[in-house]
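The values are calculated or read from the model by the stated rules, or taken from the named source; none is laboratory data. In this text, all values refer to a predicted model and were calculated from it rather than measured experimentally. Virtual Cβ from ideal backbone geometry, glycine too; neighbours counted across all protein chains shown. Ligands, DNA and RNA are stripped out before the accessible areas are found, and what is left, the full protein with its side chains, is counted by its heavy atoms. Shrake-Rupley method; radii C 1.70, N 1.55, O 1.52, S 1.80 Å.
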Amino acid sequence: MEPEDVGTELAEVLIDEQRLAQRVAQLAAAISEDYEGRPPLLVVVLKGAVMFLADLARAIPQSVEMDFMAVSSYGYGTASSGVVRILKDLDVDVRDRHVLLVEDIIDSGLTLSWLLRNLAARSPASLEVCALLRKRDALQVDVDIKYVGFDIPNAFVVGYGLDYAEQYRNLRCIGTLAPDRLPS
Ligand code: IMP
């Protein structure tokens, strides 16, 4: 879906398709250099990070494994509760693996901080985070994120996997919603 297809529901395109592709390629290059000789297991949190994962993984010039988790922290609201429930756990055992957690967006950081504690308890050989977006001003906890795509303002964004009430995930860019579409 193109920005024009969303029409007036979209207030602004924050990051267009081209900038997304360029940054994803840079992240993939950094990851492949850092993980030379120790292939990472990409752990992905559904569903928001799926588009990012698809592009990132294909830009990495070595074979990587992937596994998926689904967690719920928001329901249909928009404020993180910090209370996380695992809806789908990983299929593989991450013990002694080089785990790279691929995230869509870090807002308060509460979901990520819970996930990192959960994964660290499974004794991976290493554990790092690659997040496409980070809302710097919104962070409520101190989390170490090795790879960050873009730091963005503290606004609700959609597109490239990110949704509002399950809508707009297939938008090619990342944008903000018009005020009358904004979550209250
Ligand atoms: P946190 O626990 O506050 O860091 O929230 C992280 C999760 O909330 C992300 O993985 C997203 O699923 C969701 N989220 C946070 N901000 C946004 C946004 O601006 N648009 C869409 N989803 C968001």
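Rounded to the nearest 20, the Cβ-based charge dipole of segment 59-184 about its Cα centre (Lys and Arg +1, Asp and Glu -1) stands at 120 debye. Placing a label point 7 Å from the Cα of THR8 along the Cα-to-Cβ direction, the residues of segment 158-180 whose backbone N falls under 13 Å from that point are 178-180. Sorted largest first, the spans of the alpha carbon positions of segment 118-184 along the three principal axes are 45, 25, 21 Å.
Take peptides 93-100, 163-170 and line them up by average Cβ neighbours within 10 Å, highest first, as a rough protection proxy.
Ranked from most to least packed, the peptides come out as 93-100, 163-170.
What number comes out for accessible area per residue over segment 39-135 if the probe is 1.4 Å? Units Å², please. Heavy-atom accessible area per residue stands at 43 Å². Estimated from the Cβ-Cβ distance and a Förster radius of 30 angstrom, the FRET efficiency linking ALA25 and ALA125 is about 0.70. Ellipsoid fit via the Cα gyration tensor, the chain: semi-axes of 27, 19, 14 Å, each the root of five times an eigenvalue, largest first. Between rounded, prolate and oblate, where does segment 17-68 land on the alpha carbon gyration tensor, with a ≥ b ≥ c its root eigenvalues, rounded for a/c under 1.5, else prolate if a/b exceeds b/c? Taking the square roots of the gyration eigenvalues as a ≥ b ≥ c, segment 17-68 is oblate. Its Cα centre serving as origin, segment 1-136 has a Cβ charge dipole (Lys and Arg +1, Asp and Glu -1) of approximately 640 debye. When we measure straight from the Cα of LYS47, which lysines land under 17 angstrom away, once same-chain ones fewer than 8 places off are left out? Counting by Cα, and skipping residues close in sequence, LYS47 has these lysines nearby: LYS88. Ranking GLN62, VAL143, SER72 by how far each Cα lies toward the positive end of the dipole of segment 43-157 (charges on Cβ) leaves SER72 at the top.
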